[in-house]
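J.: Just dropping this structure here.
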C-alpha cells in the first residue's frame, strides 16, 4: 500500500525559552502522532528536507526521529523513509469546557423549520423519497468527455467569471431552451445563474419583501418557499388550492393588497394539479392592478406524460409581474448546483447586486460543461428518454397501488413530475402513515408538512423517478403491510 507523504507544513507550537530544540521537536512530533494530526501510514519528509523546512540542524532532526523510532511511534527503513505507526493515545480525554455564551444564545433561540422532517434525507435514498431522479440513467460518459474537454481548454472558461449573472453562453442556451420548451419570453440578459431554486427563492425573498410584508402562499405549498419567506420576515397568507390551482378570488378576499404571490402553476406542489388558464389570467390581472410580483417556481415541468406541454405563466405576462425560477437538479442530477432566475429587465441589476453581497464568483467550469451539454443536443435527447422512463415508472406505481393498497390509499391520476400524491382512505393522518412507512424502511412524505392553515389532507407523497420496477413494487408491498392493507399478504 502506497504511503501518503506529508507535504504540508506541520504547525508546531512555539518553543519555550528554557526548552532545548531536541526536547521541543520531540514533544511536538509525539503530540502530533497521538492527536492524529500525523495519521498512521504517513511518510515524513526526509531529514534533510525536514531540517530545511523548520530551520533546524539535520543532526537535531535525526536524533528526534531515532528516539521516536525507539519508542515505537515511527518506523525508519533505508530506501523507504520514515513512516508513522498506529499507536493508541495514553492521554485521558480532555475535560469538558463550558459552552461559550454566544453558542448558548444561538442554541436557545434556534428553531428548526416546521415542515422539515427530523433527519430528513439523512437515512439515504429509500423508496419513495421525493426529489430523486434516475441518476443511474444519466449519460455520465458524455458528461465526463465534455468536462475533460473543458479542463484541457483551460482558458475557454477561466476568464468567464467577470459577468456576475453567470457564464454568458450558458445563459444564451437557457434562454433558447426556455423560449422553445416553456414559451418564456426572455433574453440572456434577463437570466441570472444561481446554485439552485432554494438560493433563488432566498435571494428573491430578501429582494422583494421587507419584514412584515404580505405574500400569498399556496396552501398546501412548497416547504422550501415557506422557509425562504419566513427567513425574510414576511407574513404568509395561506391561499387555498383546489383542482384549478391557487384560488385567486380567495386570495383577494383574504389580502387584496399583498406584495406578491408564490405559485407552482405547471405542477402544483404537493397536490400535482395544473393551474387553469382562467386562474392564470386572474392572478396576472390582480398582480398588475396591485403592483405585486408573482414568483413562478417551474421545478419539474419538463416531465408531463400525457397531453400537450403547458406554457409558463410568464409567457402570458404583459406587465413584468412574473419572476421565473428553474434548475437542472431534477432534469440531470442533484449535485449539479445550477439553477436560473428569469427577471424583468429592470430587476436584473438589483438582484445581481444583492447576490454579490454573499457570492462574488460563479462556478464557471460546471456552467461551461452544462453549456456544451445543451448546445450539442444531449439535454434534449436525455429529456425525451427520461420522459418515457418516468412515465413507465409512474404507471407501475399506479397499477401497483391499485393491486396492493386498494381501499387503503388512492393514487392521483395526474401524469406529471417525479412524484405523485396518494390519498389515505383508512382514516389515518398523514403523519401516522408517514411514521408507519418509515418503520418499514420507506421514505414517503406526509402532505400535512406542506400545509399552513388547511386541515391535514391525509395524503402521502411518493417519489418514483429514482426507483426501478422491482423497488417500486417491493416498496408498495411493504407499505401495504405498514398501513394494514388486507391485500398485503399477496
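The values are calculated or read from the model by the stated rules, or taken from the named source; none is laboratory data. Bear in mind that the values here come from a model prediction, so they are computed numbers and not experimental data. All Cβ positions, glycine included, derive from the backbone under ideal geometry; neighbour counts span all protein chains shown.
Listed here are the residues, each with its yes/no results for (1) in a loop (DSSP other than H, G, I, E, B); (2) modelled with pLDDT under 90.
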position: 143; (1), (2): no, no
position: 151; (1), (2): no, yes
position: 157; (1), (2): no, yes
position: 172; (1), (2): no, no
position: 176; (1), (2): no, no
position: 179; (1), (2): no, no
position: 186; (1), (2): yes, no
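J.: Kindly provide the set of residues from segment 42-78 that are in a loop (DSSP other than H, G, I, E, B) and surrounded by 13 or more Cβ atoms within 10 Å (Cβ to Cβ), ordered by number. So that I can check it myself, show each step before the final result.
T.: To start, the set of residues in segment 42-78 that are in a loop (DSSP other than H, G, I, E, B) comprises 45-46, 55-57, 71-73, 78.
Scanning segment 42-78 gives 45, 46, 56, 73.
J.: Just checking: which of the strands (runs of 3 or more DSSP E) contained wholly in segment 328-435 hold 3 or more residues that are in the same structural domain as residue 298 (by TED's automatic domain parsing)?
T.: Per the criteria, 339-342.
J.: Here is a further query. Residue 362 passes all but one of (1) surrounded by 22 or more Cβ atoms within 10 Å (Cβ to Cβ); (2) at pLDDT below 90; (3) closer than 30 Å to residue 415 by Cβ; (4) touching a helix residue (DSSP H, G or I) at 6+ places or on another chain (Cβ under 7 Å); which number fails?
T.: Among (1) surrounded by 22 or more Cβ atoms within 10 Å (Cβ to Cβ); (2) at pLDDT below 90; (3) closer than 30 Å to residue 415 by Cβ; (4) touching a helix residue (DSSP H, G or I) at 6+ places or on another chain (Cβ under 7 Å), the lone unmet condition for residue 362 is (3).
J.: Please give the number of the condition residue 121 fails out of (1) in a loop (DSSP other than H, G, I, E, B); (2) modelled with pLDDT of 80 or more.
T.: (2)
J.: Here is a check on your reading of the model: is residue 316 in contact (Cβ under 8 Å) with a residue 24 or more places away in the chain and more than 18 Å from residue 382 (Cα to Cα)? Reasoning before the result, please.
T.: On the way: in contact (Cβ under 8 Å) with a residue 24 or more places away in the chain: yes; more than 18 Å from residue 382 (Cα to Cα): yes.
Here the answer is yes, as residue 316 does meet what is asked.
J.: Is at least one residue of segment 288-311 assigned by TED's automatic domain parsing to the domain that holds residue 195, out of contact with any strand residue (DSSP E or B) (no Cβ under 6 Å at 6 or more places or on another chain), in contact (Cβ under 8 Å) with a residue 40 or more places away in the chain and not in a loop (DSSP other than H, G, I, E, B)?
T.: No, segment 288-311 contains no residue that is assigned by TED's automatic domain parsing to the domain that holds residue 195, out of contact with any strand residue (DSSP E or B) (no Cβ under 6 Å at 6 or more places or on another chain), in contact (Cβ under 8 Å) with a residue 40 or more places away in the chain and not in a loop (DSSP other than H, G, I, E, B).
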